Amino acid sequence: MTCEADTPEPAPVPPGRAAIERALPTLPFAPGVYRMLDAKGDALYVGKARSLRRRVAAYTQISRLPERLRRMVHETRSLEVVTTASEAEALLLEANLIKRLRPRFNIVLRDDKSYPWLVMHEDHPYPQIAKHRGERRKGSSYWGPFASAWAVNQTLTALQRVFLLRSCRDTVFDSRTRPCLLFQIKRCSAPCVKRISEADYAALVREAKEFLSGGTPSIQRRLAAEMEAAAEKLEFERAAALRDRIRGLTHVQGRDRVNLDGVGDADVVALHQMAGQSCVQVFFFRGGRNNGNRPYFLTHAKTDQSPEEILGAFLAQLYDDLPPPPLVLVSHEPKDGAILAEALALKAGRKVEIHRPQRGEKRSAVEHAATNAREAIERRMAEGAAQTELLGGVARLFDLPDTPERIEVYDNSHIMGTNAYGVMVVAGPAGFLKQHYRKYGIRDAKPGDDFAMMREVFDRRFGRALKEDPERESGTWPDLVLIDGGAGQLSAAREILNEMGLHDIPLVAIAKGPDRDAGREWFHQTGKEPFQLPPRDAVLYYLQRLRDEAHRFAIASHRAGRSKAITRSELDEIPGVGSALKRKLLNHFGSARGVRNAALEDLENAPGIGPAVARKIYGHFHPTDG
């Protein structure tokens, strides 16, 4: 009698792979986007596919995946899919979801800043030129984007010097009785007091639009001819004014170090990788002019990902909230470049070319951008090394268990209790993290009660954190909290945190020295005697910078709130009167007082108002009439 050996049981399927295999039969052979989710339902990874079933099935072949995706599959517990009409549409949706969800296993462009634009408000006889961020509105023309506020300020200054366009708001414009300083320094034509006719100002507006669209040479030739004609007629004052405008144009042209002759709108995009970091430098060209450049540091870009894959992911996310130009010059051919170009064309409503130049001026521009990307990484590494050393000094000074990754600094600002704001600024190994700054308009604390203000700010900041992230897994809990004040402020803040059960958050109060002398600050910490640092200590300078940044942000928040309160008028209290209608009323009647004193017939005859709205406005100011 023989006994057969027991057949070994098959090894259990890992839960991540099992979750994917369970979902496979329900997936279509259609293009779309898939999301890998963890046990909490948070997105681990977002991807696109020409065929969802075939693409997702590849994740069951664990041995063929790179280590990064193996870890992703290991944590996967479920997945969601969205089908699209084409692979190009899937790419656009993928980029949008990655920017919104920021999955841990995707390349993520972390850029919380909006891009500045130039806007010309043309719903006025004398259009205004100004900076703009945010949504667009009808009746205005826009140019951009610009890489930074500095770049748009430079162009705005050039427009003032060359075309003498006004930059003041309509309310300021309507109240002027004599020219402002900009007219005196030859940066405005003073249309507010009729120093220029409406027709002549319209000609300046046309020239400015031509300039912003790349017509600088033709404008310069036209101005030169006008200057010569004025000189021949012995109109020397006009000739001098034209000469100054020509000099302004020459100055603008000379400031552009990087130019692309014959190219109107284009972006130059170059990637550089060093020491595990990836930086993409982008130069924005619009109307043949350099609108500045900006470096982008990518997170989750791993060593197993090629430059082509990284650049493809970057471009898709960059143009998720920016209109793509007709030409994008790149340092590497992006992965799925043809599909990416098709997706960008779909978004732009016209052809978009992604091109890697091999020679000539375009190649030089890409190499220049790559050099800037390399230098940006080198600067960041140098600053990071110094920052790491300073943070290590902070950890030793305050007996922290580890080098702090996140320091939160709190301050408040008010005048006699009015327009009170509490603020939080955040710093870490990468410097100040301005995307994490927060301001809190004080609602409940008594005016001037700094302890009550601090309690309200802490209740809102940490109360929300306890509700949304009680396990402290988001990385947004502080390793150190700094407040402005002495022993009394420290005791009050410690009591507030203890009431919330946050006994373990390190807390330090910084008190200014005698006569508020910087360099003689006292540091207060629970369980320790107050102490000072040597006047030239590097960690002292760093802590002063943190405190001063919080103080600056608090004052800026207070001033913004105070300005907003000052600029509010009686018209803001009328239900149904929005900003556009308010503008029409102010333009027609000159002020809120003029609207209040207007007769019903005058309101009905005002442009864009109408009888029903006129009765509502009149009834607001005259509730007992009729």
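Relative intensity of the stretch 407-565 on a log10 scale, I(q)/I(0) at q = 0.13, 0.14, 0.16, 0.19 Å⁻¹, equals -0.61, -0.72, -0.95, -1.34, per a Debye sum over C-alpha point scatterers of equal strength in the absence of solvent.
By the helix-only formula, in which each DSSP H run with n ≥ 4 contributes -39500 (n - 2.57) and the sum is divided by residues, the chain has a 222 nm mean residue ellipticity of -14000 deg cm²/dmol. Here, the stretch 9-153 is characterised by an Rg to Rh ratio of 1.21, where Rg is the alpha-carbon radius of gyration and Rh the Kirkwood radius. On full extension, the segment bounded by residue 500 and residue 236 gains 87.5 nm, given 0.36 nm per residue less the C-alpha separation. By the count of neighbouring beta-carbon atoms within 10 Å, fewest first, 168, 279 end up ordered 168, 279. The largest-to-smallest principal axis extents of the Cα set in the stretch 117-255 are 48, 36, 23 Å. At full extension, residue 351 and residue 299 could sit 15.7 nm farther apart than now, given 0.36 nm per residue minus the alpha carbon distance. For residue 123 and residue 444, the FRET efficiency from 1/(1 + (r/R0)^6), where r spans their Cβ atoms and R0 equals 41 Å, is about 0.50.
Using alpha carbons only, how many angstrom separate the centre of the stretch 311-357 from the centre of the stretch 178-214? Computed from Cα coordinates, the inter-centre distance equals 38 Å.
Gyration tensor analysis over the Cα atoms of the stretch 448-495 returns equivalent ellipsoid semi-axes of 23, 13, 8 Å (largest first, whole Å). In the frame of its principal axes, the stretch 15-87 has Cα extents of 31, 27, 20 Å, reported largest first.
Using a Förster distance of 60 Å, how high is the FRET efficiency between residue 198 and residue 65, based on the Cβ-Cβ distance and rounded to 0.05? Spell out each step's value before the answer.
Working: r = 68 Å, r/R0 = 1.13.
About 0.30, to the nearest 0.05.
Remark: the chain carries a charge dipole of roughly 1800 debye about the Cα centre, counting +1 on each Lys and Arg Cβ and -1 on each Asp and Glu Cβ.
With each label modelled as a point 7 angstrom along the Cα→C-beta vector, the residue 102-residue 51 pair spans 3.7 nm.
So for the chain: antiparallel DSSP bridges make up what percent, rounded to the nearest 5? About 80 percent, rounded to the nearest 5. Evaluated on the stretch 99-178, the Kirkwood hydrodynamic radius is 14.8 Å, with distances taken between all distinct Cα atoms. Measuring r between the beta carbons of residue 375 and residue 153 and using R0 = 22 Å, the FRET efficiency lands at 0.40.
Computed on the Cα trace of the stretch 367-476, the radius of gyration divided by the Kirkwood hydrodynamic radius gives Rg/Rh = 1.10. Counting other beta carbons within 10 Å of each residue's own, what order do 81, 457 fall into, fewest first? Listed from fewest to most nearby Cβ atoms, that is 81, 457. Along each principal axis, taking the top coordinate minus the bottom one, the Cα set of the stretch 570-621 gives 21, 20, 19 Å in descending order. The slack between residue 436 and residue 601, meaning 0.36 nm per residue of separation minus the straight C-alpha distance, is 54.2 nm. Seen from every direction in turn and averaged, the convex hull around the alpha carbons of the stretch 266-378 projects onto 6.8 nm².
Shown in residue order for the stretch 470-481 are the 3J(HN,Hα) couplings computed by the Karplus curve 6.51 cos²θ - 1.76 cosθ + 1.60 at θ = phi - 60°: x, 7, 6, 9, 7, x, 10, 8, x, 8, 7, 10 Hz (x for Gly and Pro).
Bear in mind that the values in this text are calculations on the coordinates, not laboratory data. Note that this is a predicted model, so its numbers are computed, not measured. Please note: Cβ atoms are built from the backbone with ideal geometry, for glycine as well, and neighbour counts cover all protein chains shown.
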